[in-house]
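Scroll down for the structure; my scribbles are underneath it.
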């Protein structure tokens with residue numbers, strides 16, 4: 001990456017910070033009280049679409065660098081990755097404004113991944129694997145956008161690892177998009193840290209995931225033959241893949257829908273064991289930093305590829321430990337008392353007195369006159385409930401007469 005690439009990274013950060021500040025002010029500005037609380041619904045929509053600032057910042061910086069010739073040898077590949085990320089970001093923006101079913105995203109994400117593969121000139125076999133990998137990672141990273149600062153922190157660490165791998169592998173042109181993404185996410189983190197004023201939303205989350213996945217696929221393709229890129233680069237997405245695996249296994253074991261959006265992610269389980277929201281973002285950022293650092297050193301041929309196994313084993317152990325934390329509320333099996341009494345009476349053949357008949361037998365409350373038409377005894381006196389002595393109502397009425 002040359003001087004123009006470095007300038008583009010700075011421009012991405014400045015644009016993201018400036019736009020995020022404008023959107024934040026617009027979201028916090030009081031509007032007409034169209035909903036309880038005095039804020040209009042569009043304020044919440046503005047907070048959800050905060051990720052569009054990252055898209056505009058990174059897209060403007062990378063597009064400008066491509067226009068001025070910062071990338072010569074891999075301009076088509078970088079342009080394809082940026083175009084595909086912009087397509088999924090536009091789809092995510094539509095979802096932020098008017099939510100639709102998650103299954104409808106897959107065709108658009110697949111088409112955007114095919115565009116990246118075609119412009120990169122990959123072979124059919126490598127292209128199919130790249131498309132599957134890009135779609136998988138796009139959704140895996142997008143699932144991390146469920147806590148303040150979580151996806152921004154993990155994406156920042158992952159993009160830094162891709163930047164280092166591109167620089168070490170002799171592909172400075174492919175380092176342009178990860179560098180701009182690092183700058184853009186760092187600028188957005190100022191507004192996304194807990195308590196978050198802006199969220200990445202579907203637009204920023206899918207853009208981040210697609211840009212990371214496409215950059216990894218392109219770096220893998222351009223890696224020298226002597227490097228263990230096939231083993232190192234997938235490890236960069238350890239945390240995102242671990243969260244996806246945890247969710248799928250947990251929902252499968254609980255016989256729940258795999259597409260339902262529930263509180264069963266890593267951050268939700270850490271919150272149940274009293275880990276704070278900022279602590280969760282820091283913990284997952286450190287968790288991502290361990291495999292990212294190891295994979296970068298393996299890619300640079302400073303460590304043996306076998307040393308990738310300890311971070312992967314630790315991640316698997318963490319997933320199994322998190323599975324032991326309950327994520328779903330137990331189903332209520334106890335029936336109401338009335339239903340239980342009705343079932344018991346039905347089985348024994350006894351009649352169930354209604355509330356009206358019980359009141360007729362019990363009579364009026366103490367100190368109140370019996371209503372007109374109430375049940376009376378043979379002497380004309382109203383029926384009364386049996387006293388504590390156990391005498392019948394007829395005996396008490398006879399004494400009074």
Looking at residue 70, is it in contact (Cβ under 8 Å) with a residue 40 or more places away in the chain and in a helix (DSSP H, G or I)?
no
Among 248, 284, 258, which is over 24 Å from residue 176 (Cβ atoms), free of Cβ contacts under 8 Å to residues at least 24 places away in the same chain and touching a helix residue (DSSP H, G or I) at 6+ places or on another chain (Cβ under 9 Å)?
258
Selection status of residue 62, assigned to a helix (DSSP H, G or I), surrounded by 14 or more Cβ atoms within 10 Å (Cβ to Cβ), in contact with a helix residue (DSSP H, G or I) (Cβ under 6 Å, 6 or more places away or on another chain) and without any contact (Cβ under 8 Å) to a residue 24 or more places away in the chain
no
Condition check: without any contact (Cβ under 8 Å) to a residue 24 or more places away in the chain, assigned to a helix (DSSP H, G or I) and out of contact with any strand residue (DSSP E or B) (no Cβ under 7 Å at 6 or more places or on another chain). Does residue 269 satisfy that?
no
Would you be able to say whether some residue in the stretch 330-350 is at pLDDT 70 or above, surrounded by 10 or more Cβ atoms within 10 Å (Cβ to Cβ) and not in a loop (DSSP other than H, G, I, E, B)?
no
Condition first: at pLDDT below 90, assigned to a loop (DSSP other than H, G, I, E, B) and out of contact with any helix residue (DSSP H, G or I) (no Cβ under 7 Å at 6 or more places or on another chain). Can you find one or more residues in the stretch 228-245 that meet it?
no
Please tell me if residue 118 is surrounded by fewer than 18 Cβ atoms within 10 Å (Cβ to Cβ) and out of contact with any strand residue (DSSP E or B) (no Cβ under 8 Å at 6 or more places or on another chain).
yes
Scanning the stretch 79-107 residue by residue, those free of Cβ contacts under 8 Å to residues at least 12 places away in the same chain and part of a helix (DSSP H, G or I) turn out to be 94, 104, 107
Among the listed residues 159, 179, 130, which satisfies the condition of being in contact (Cβ under 8 Å) with a residue 60 or more places away in the chain, more than 20 Å from residue 108 (Cα to Cα) and either in a helix (DSSP H, G or I) or touching a strand residue (DSSP E or B) at 6+ places or on another chain (Cβ under 8 Å) (or both)?
179
Sole residue being part of a helix (DSSP H, G or I), surrounded by fewer than 24 Cβ atoms within 10 Å (Cβ to Cβ) and either in contact (Cβ under 8 Å) with a residue 60 or more places away in the chain or on the phi > 0 side of the Ramachandran plot (or both), chosen from 205, 173, 213:
173
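The values are calculated or read from the model by the stated rules, or taken from the named source; none is laboratory data. These figures come from a predicted structure and were not determined experimentally. Cβ coordinates were reconstructed from backbone atoms using ideal geometry, including for glycine residues, and neighbour counts include every protein chain displayed.
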